[in-house]
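K.L.:
Quick one: the structure is below, and I'll ask about it shortly.
The values are calculated or read from the model by the stated rules, or taken from the named source; none is laboratory data. All values reported here derive from a predicted model rather than from experimental measurement. Neighbour counts run over all protein chains shown; Cβ positions are idealised from the backbone, glycine included. Calculation scope for accessible area: heavy atoms of the full protein, side chains included, ligands and nucleic acids excluded. Shrake-Rupley method; radii C 1.70, N 1.55, O 1.52, S 1.80 Å.
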Amino acid sequence: MAALVVEVPRWDPLPVRLASAGAALDGLVEQIEHVQAAGAGVPQVAARLREVDRLITRWQAVRLALVRAADTADVAGSSGASGTSAWLAGRSKTSGAAAAADVALARDLAEFLPMTRQAMSEGDVPRESAAVIARTMRDLPPGLSADRRAAVEQRLVARAREVSPAELRRLAARAVEAARLSAREVAAHEDRVQRSEEERARARARLSWRDNTDGTTDVWATLPSASAAVLVKAVQQMTAPRRARTSATHSPQHAAPNHAAPQHAAPQHAAPQQGAPQQGAPQEGAGRPVTAQERANQRGLAFADLLEHLPTDRLHGKVAATVVVTMSLAQLHEATGNLGTARLDTGHAVSGGQARRLACGAGLVPAVLGGASLPLDLGRAGRFFTEAHRTALATVYDTCAARDCDRPYAWTELHHEDPWSTGGTTDLAKAVPLCGHHHRRVHDPTYQHSITTDRTGRKQVTYTRRT
């Protein structure tokens, strides 16, 4: 007598749990509307926002796990799609590039990033930071043992819990130190990774334009970050809030006799004065901030000014913006060019060889670690900070020193940590770069602030409203 075999489909609890999570989310939306009506305070809203961010990260971990499951199950083959990325782009209504990045990260997390996968599932490491870790781990020197690779991942995950993805990316190149390599091996690895990135960036460089036949031309560009940093810094300096108004106020017509402008004519190809208001651009008034659309217009006009003042008869000359590059004396003189990376004051890293190449023709100020210093401590002899101070601080800051402010360093004004009016000194160690908004907050009696200094000398300003 033949036995009857009945196949019972395996129960999948995931749809039920997803439905339950959806119902809980509906309740959360209603609760948020209630919180808005009740007028919750800033600390309560900040705490809830942090928890929501953690939940979003956990959901992203779930999504990446499902993407990996789809990839393993060969959904592309069963659906006729050209690949998992194409299948995912169609199902998720995302771009092909975004879908390809998701598939690659899902594979990396599943195959060789167990600590990163766990941290994501707990909501501690956001997706952007996980992508930085994955890219860093792929770039590790070949031949590292499993234990050393695990040590590097552990260090990266620990830093990812503390810093933003952008800061993690800056720190990632040195994470290989956890593999207990020699200092020269670490520097050589860092240089190799940076050179590889620069080569990829040059291969992706593009420039195209379209004449709109209405007096305007649309321009699209993809540039290596180090090259774009020169343009961005020049435009930022020309359009920095308050700086435009200051330069207008202190124009030759308004200047004191001892600051009179020189009488000789400017050269034919003189670059536009950095910080000067652009003709036709809206200026930020005392009572109304500039809108995002107006700011974009200012940048467009500044870019047009730069193009109109290009020295076409000597294109090999110096650029309009001054970019500060920080490197050691050993890097500057190293013939083999493999002693790690140098850093621009715009926050971008470049290989030692790239920094030396730029120094031959670009508007670079070398801040060489171990070299001679400028007189930057003026005590009570000088009231105002100088360009030498700004240049030196550019090796420390790339944004405003206020907590969570991402306005570029080029927009900042140097504030005395100890007020000059109460005996403070104009010394480098007491300079705090603040954007116009946060500089006004320092002197606003409705706010109190505190300044902390980390072990690298970088200051952070935190504000609280007085009760």
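K.L.:
Given the range 382-453, what strands (runs of 3 or more DSSP E) lie entirely inside it while holding 1 or more residues that are within 20 Å of Val290 (Cα to Cα) and not β-branched (Val, Ile, Thr)?
P.N.:
413-416, 431-434
K.L.:
Only residues in the range 194-219 that are without any contact (Cβ under 8 Å) to a residue 24 or more places away in the chain count as the first member; pair them with residues that are surrounded by 10 or more Cβ atoms within 10 Å (Cβ to Cβ) and among the acidic types (Asp, Glu), Cβ under 8 angstrom, at least 6 apart or cross-chain, and list the lot.
P.N.:
none
K.L.:
Can you tell me which residue within the range 200-219, out of those that are loosely packed, with under 10 Cβ neighbours inside 10 Å and among the small types (Gly, Ala, Ser), is farthest from Phe303 (Cα to Cα)?
P.N.:
For the range 200-219, the residue satisfying everything is Ala203.
Matching residues to (1) out of contact with any Pro (no Cβ under 9 Å at 6 or more places or on another chain); (2) among the aliphatic types (A, V, I, L, M); (3) within 26 Å of Arg200 (Cα to Cα):
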| site | (1), (2), (3) |
| --- | --- |
| Ala89 | yes, yes, yes |
| Ser92 | yes, no, no |
| Met120 | no, yes, no |
| Ala131 | no, yes, yes |
| Ala134 | yes, yes, yes |
| Leu140 | yes, yes, yes |
| Asp147 | yes, no, no |
| Ala160 | no, yes, yes |
| Pro165 | no, no, yes |
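K.L.:
Look at Leu88 and say whether it is in contact (Cβ under 8 Å) with a residue 24 or more places away in the chain and open to solvent by less than 40 Å² (accessible area, probe 1.4 Å).
P.N.:
Here the answer is no, as Leu88 does not meet what is asked.
K.L.:
Out of (1) at pLDDT below 90; (2) surrounded by 10 or more Cβ atoms within 10 Å (Cβ to Cβ); (3) of a type in the set (S, T, N, Q), what's the single condition that is false for Thr222?
P.N.:
Every condition holds for Thr222 apart from (1).
K.L.:
Tell me, please, whether a residue that is exposed (fewer than 10 other Cβ atoms within 10 Å of the Cβ) and at pLDDT below 70 can be found in the range 12-21.
P.N.:
yes
K.L.:
In the range 169-187, which residue that is more than 18 Å from Phe112 (Cβ to Cβ) and modelled with pLDDT of 80 or more is surrounded by the most Cβ atoms within 10 Å (Cβ to Cβ)?
P.N.:
Residue satisfying both the conditions and the ranking: Arg169.
K.L.:
Out of all the residues in the range 435-467, which are out of contact with any helix residue (DSSP H, G or I) (no Cβ under 9 Å at 6 or more places or on another chain) and among the hydrophobic types (A, V, I, L, M, F, W, C)?
P.N.:
Answer for the range 435-467, where residues must be out of contact with any helix residue (DSSP H, G or I) (no Cβ under 9 Å at 6 or more places or on another chain) and among the hydrophobic types (A, V, I, L, M, F, W, C): Val442, Ile451.
K.L.:
Could you list, in sequence order, all residues of the range 135-159 that are over 22 Å from the mean Cα position of the chain (by Cα) and free of Cβ contacts under 8 Å to residues at least 24 places away in the same chain?
P.N.:
Pro142, Gly143, Ser145, Ala146, Asp147, listed by residue number.
K.L.:
Within the set of pairs 6 or more residues apart or between chains, which connect a residue that is in contact (Cβ under 8 Å) with a residue 12 or more places away in the chain inside the range 107-124 to a residue that is acidic (Asp, Glu) with Cβ atoms less than 7 Å apart?
P.N.:
Pairs that qualify, where the first residue is in contact (Cβ under 8 Å) with a residue 12 or more places away in the chain and the partner is acidic (Asp, Glu), are Arg107/Asp71; Leu113/Glu153; Met115/Glu153; Thr116/Glu153.
K.L.:
For the range 102-134, which residues satisfy the criterion of being under 20 Å from the mean Cα position of the chain (by Cα) and among the small types (Gly, Ala, Ser)?
P.N.:
Within the range 102-134, Ser129, Ala130, Ala131, Ala134 qualify.
K.L.:
Now, a different point. Listed residues Arg54, Arg135, Arg58, Arg107; which is under 30 Å from Ala188 (Cβ atoms), touching an Asp or Glu at 6+ places or on another chain (Cβ under 8 Å) and open to solvent by 40 Å² or more (accessible area, probe 1.4 Å)?
P.N.:
Arg107
K.L.:
Consider Ala166 carefully, then state whether it is in a helix (DSSP H, G or I), out of contact with any strand residue (DSSP E or B) (no Cβ under 7 Å at 6 or more places or on another chain) and modelled with pLDDT under 90.
P.N.:
For Ala166, the condition - in a helix (DSSP H, G or I), out of contact with any strand residue (DSSP E or B) (no Cβ under 7 Å at 6 or more places or on another chain) and modelled with pLDDT under 90 - is met.
K.L.:
Please give the number of the condition Leu28 fails out of (1) farther than 24 Å from Pro126 by Cβ; (2) at pLDDT below 75.
P.N.:
(1)
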